[in-house]
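Notes follow the structure.
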Number of protein chains: 2
Amino acid sequence: MKEILIPSQENIFQAHERIRPFIHRTPVLSSQLLNKLAHAELFFKCENFQKVGAFKYRGASNAILKLLEKNAGIKAVATHSSGNHAQALALAAKVHGFDAHIVMPENAPLVKQNAVKDYGGKIYLCKPTLAAREEKLNEVVKLTGAHVIHPYNMYDIIEAQATAAKELIDDFPNLDAIVCPVGGGGLLSGTLLAAHYFSPKTLVFAAEPEGANDAFNSFKEHKFIASENPYTIADGLLTSLGDKTYPIIMQYVTDIFTVSDAEIIHAMKLIWERMKIIIEPSSAVVFAVVLKNKRIFENRKIGLILSGGNIDLTKIPF
Amino acid sequence: MKEILIPSQENIFQAHERIRPFIHRTPVLSSQLLNKLAHAELFFKCENFQKVGAFKYRGASNAILKLLEKNAGIKAVATHSSGNHAQALALAAKVHGFDAHIVMPENAPLVKQNAVKDYGGKIYLCKPTLAAREEKLNEVVKLTGAHVIHPYNMYDIIEAQATAAKELIDDFPNLDAIVCPVGGGGLLSGTLLAAHYFSPKTLVFAAEPEGANDAFNSFKEHKFIASENPYTIADGLLTSLGDKTYPIIMQYVTDIFTVSDAEIIHAMKLIWERMKIIIEPSSAVVFAVVLKNKRIFENRKIGLILSGGNIDLTKIPF
């Protein structure tokens, strides 16, 4: 047996105090029509309305604010990301007077590259493999002295992503369950810890695309199994768990459910049509899981974490 | 000179009290990015989050509740509409135990016909001309004894559409101006009266598509000019003003601006992308007008009425 130190209740509480002035307290929305479809009472935590359109801004802000608190003279951060973390880190860096060096695969959509540039981030393109990304990131760090902020496998990130669920629990203290998407596991680990500390009676379920089901496989086999050639429309959930997120998830998650891309697209369309909000496919995974597992969720009060709303509007899958 | 009686401050106040338990108090959203683009402080009143996805539910609810108050034994309502009013009347009828008889042109999209059916409305199809619609409506009324609820040219409707702007003014009492879309003029008349009574210092501007610019022409020529063969992507704004809405608009509107369909689509895409909310083209007209007339709106506090969010997601114009 090995003991590990994970973020405490106090860490999450402090992270929330730290980032609160810089983030949006996102609304929790409901829809009678979707309740009727799901035969449950649904509470959607809308991180699509968070700054940069995703929960990632919580973690990026916390990591940078902690660097500031340490007063170590670091004024640059770096990461590799093709997604929401890149934008979040670029904006949080700009807000707090840091430089942001962002390694992106050369096939990253121009719209995402431009978003990072708009926020003042400096982009370094590389081949679209994990090895190439890490190599390029190492180069950039050597060159710039920037501090690396990992997208999810880092406690400074996890304790801040926990604050989305903490706010949801503050607003609705009697949830029977929370359903949270899982990719690298930063949001899920945080959500699990928030429920554990602030609402221990609330079960937490993870929602994962069939095409990137490493968390599901790891949970069923009780060992770490990485994704191989993951493919899903939920492009925020392609990554595998990390060594910081994996143990938290294995210890606290109630169950992990997978859904197909068709089910994700169907759920996304329902939310767009009925709730009139724009969510990205990675967010729709949670509602797809609720629709698919009525025996679990029927007649319950369910919190659903909508992780973000960044989608290329010229490539809508319906 | 002819004196006319229009809804009073007290009428609007009572309409609000009457419908309040049955409608959503919709949120007012802001976006720093859109403020930056417009060089103004923008407050979006989100009627896309209203029941049935449009402000029309306010008017339909008020008209039916007033029938109930009169206790005249009427238990059926009828209208002709291919749009949001049809859905609004069908749902309001259902909620209050009325039958709803809805005349729709036979080319009305199936998705709209189905929405009316889902709310329990009975549909009567007719040829897609105004004459055919009115003729069919007369038949239906003779057959059923239903009370006709016009989509906009009726004070019971106008006094209730006023409550959207009234809520906006309650939430943000210091607006320099409100920009409101104009089609038949129900929402605009109501908005003008709300500002006149509850915030007389707030100017009200109307926003109209170039392809259906009857209000613009009427305002410039000081006489009623109907639309001829209107064509615009803002399909909620195709209708001409009515004899109840025209005089209110001529008396109280500060100015009317038109925008092209390209400008409407551009504004709609910005709101979808940046605010992560779904609005229909008829709602985007107001933001397009603000972007196009910076000399008027720059550095001001501007309320924008987003009228609805019902759009066929398989036919997005970008």
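The table for this structure:
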| item | result |
| --- | --- |
| Qualifying positions in the range B:47-73 - surrounded by 24 or more Cβ atoms within 10 Å (Cβ to Cβ) and not in a helix (DSSP H, G or I) | B:Q50, B:A54, B:F55 |
| Of the criteria (1) within 14 Å of chain A (Cβ to nearest Cβ); (2) surrounded by fewer than 19 Cβ atoms within 10 Å (Cβ to Cβ); (3) without any contact (Cβ under 8 Å) to a residue 24 or more places away in the chain; (4) outside any loop (DSSP other than H, G, I, E, B), which one B:A262 fails | (1) |
| Hits in the range B:130-153 - residues which are within 18 Å of B:L237 (Cβ to Cβ) and touching a residue at least 24 places away in the same chain (Cβ under 8 Å) | B:R133, B:H150, B:P151, B:Y152, B:N153 |
| Criterion (charged (D, E, K, R) and within 21 Å of A:F22 (Cα to Cα)) met by exactly one of A:K142, A:K66, A:K36 | A:K66 |
| Of all residues making up the range A:25-51, the number that are among the aromatic types (F, W, Y) and within 14 Å of chain B (Cβ to nearest Cβ) | 2 |
| Given (1) touching a strand residue (DSSP E or B) at 6+ places or on another chain (Cβ under 7 Å); (2) under 24 Å from B:N229 (Cα atoms); (3) surrounded by fewer than 18 Cβ atoms within 10 Å (Cβ to Cβ), number of the condition B:G145 does not satisfy | (2) |
| Any pair with Cβ under 8 angstrom, 6 or more apart, that starts in the range B:29-47 at a residue that is in the same structural domain as B:I277 (by TED's automatic domain parsing) and in contact (Cβ under 8 Å) with a residue 40 or more places away in the chain and ends at one that is of a type in the set (K, R) and in a strand (DSSP E or B) | B:A40/B:K301; B:E41/B:K301; B:F43/B:K301 |
| Test: residue in the range B:226-249 that is more than 16 Å from the chain's Cα centre (by Cα), in contact (Cβ under 8 Å) with a residue 24 or more places away in the chain, away from chain A (no Cβ under 14 Å) and in a helix (DSSP H, G or I) | yes |
| Criterion violated by A:P7 - all others in (1) buried (at least 20 other Cβ atoms within 10 Å of the Cβ); (2) within 14 Å of another protein chain (Cβ to nearest Cβ); (3) in a loop (DSSP other than H, G, I, E, B) satisfied | (2) |
| Flag if A:Y119 is out of contact with any Ser or Thr (no Cβ under 9 Å at 6 or more places or on another chain), crowded, with 20+ Cβ neighbours inside 10 Å and either touching a residue at least 12 places away in the same chain (Cβ under 8 Å) or of a type in the set (D, E) (or both) | yes |
| Selection from the range B:51-81 of residues that are in contact with a helix residue (DSSP H, G or I) (Cβ under 7 Å, 6 or more places away or on another chain), hydrophobic (A, V, I, L, M, F, W, C) and touching a residue at least 60 places away in the same chain (Cβ under 8 Å) | B:V52, B:A54, B:F55, B:A60, B:A63, B:I64, B:I74, B:A76, B:V77, B:A78 |
| All positions within the range B:269-310 that are within 22 Å of A:I265 (Cβ to Cβ), within 16 Å of the chain's Cα centre (by Cα) and at the interface with chain A (Cβ under 9 Å from one of its Cβ atoms) | B:I279, B:G309, B:N310 |
| All positions within the range B:242-262 that are in contact with an Asp or Glu (Cβ under 6 Å, 6 or more places away or on another chain) and either small (G, A, S) or more than 21 Å from B:K292 (Cα to Cα) (or both) | B:S260 |
| Selection count where residues are in a helix (DSSP H, G or I) and surrounded by fewer than 18 Cβ atoms within 10 Å (Cβ to Cβ), scope the range B:23-45 | 5 |
| Residue match in the range A:220-234 (condition: surrounded by fewer than 24 Cβ atoms within 10 Å (Cβ to Cβ), under 19 Å from A:K45 (Cα atoms), outside the structural domain of A:S82 (by TED's automatic domain parsing) and modelled with pLDDT of 95 or more) | no |
| Of the criteria (1) under 25 Å from A:A162 (Cα atoms); (2) outside any helix (DSSP H, G or I); (3) within 14 Å of chain B (Cβ to nearest Cβ), which one A:F318 fails | (1) |
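So that you can scan it fast, the table gives a plain yes or no per residue for (1) in contact with a strand residue (DSSP E or B) (Cβ under 9 Å, 6 or more places away or on another chain); (2) under 19 Å from A:A54 (Cα atoms); (3) of a type in the set (K, R):
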| position | (1), (2), (3) |
| --- | --- |
| A:L238 | yes, yes, no |
| A:D243 | no, no, no |
| A:I248 | no, no, no |
| A:F257 | yes, no, no |
| A:S282 | yes, yes, no |
| A:V286 | yes, yes, no |
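The values are calculated or read from the model by the stated rules, or taken from the named source; none is laboratory data. Predicted model only: the values in this text are computed from it and were never measured. Note: ideal-geometry Cβ built from the backbone for every residue, glycine included; neighbour counts use all protein chains shown.
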